[in-house]
Amino acid sequence: MDLSDTDIATANMRGQSLLATQPRALTARYDAGSGRIILDLTNGCLFAFPARLVQDLHGATDEDLAQIEVPKPGLGLYWPRLDADVYVPGLVAGIFGTRYWMASEMGRRGGTARSPAKTAAARQNGAKGGRPKKAVKS
């Protein structure tokens with residue numbers, strides 16, 4: 001596929017716009033005490049997130065997480081020991097993995113959550129004999 005000068009100029013303009021508008025990382029470090037990745041962004045902001053929230057970092061050791069690189073121009077983070085890349089603008093937007101993985105994580109966390117309302121409902125159901133048995137189809 002041959003690109004015209006116009007195609008190349010348009011792509012360059014899109015790239016410059018991306019660099020000007022998207023959050024980019026200057027530095028990144030892992031804080032083992034809090035379990036968070038801490039980013040210094042080009043706009044002067046500091047952004048931190050729990051490393052274990054990220055799909056590709058889930059289950060990684062502290063040693064693996066500490067080996068983090070910020071390739072130029074700062075739109076991504078790279079963990080060489082894990083061979084994992086993460087997109088910085090996505091992290092800042094709260095995207096920590098694929099849509100399917102994030103939904104399953106939300107369901108897993110919600111299912112293990114405890115609250116006074118959930119405890120009271122469980123006790124009420126227990127007083128009634130618990131969950132009704134499913135009908136067996138013959």
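Can you tell me the FRET efficiency between D31 and K118 if r is taken as the Cβ-Cβ distance and R0 is 25 Å, rounded to the nearest 0.05? Kindly include the intermediate steps, with their values, before the conclusion.
Working: r = 32 Å, r/R0 = 1.28.
Efficiency, rounded to the nearest 0.05: 0.20.
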Quiz item: Quick one: Karplus J couplings for segment 3-10, per residue in order, coefficients 6.51, -1.76, 1.60, θ = phi - 60°, nearest Hz, x for Gly and Pro?
Solution: 9, 7, 4, 5, 4, 5, 5, 5
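The numbers here are math on the coordinates, done by the rules we state, and not lab data. All figures in this text were calculated on a predicted structure; none of them were measured in a lab. Every residue, glycine as well, gets a Cβ built from its backbone with ideal geometry; the counts of neighbours run over all protein chains shown.
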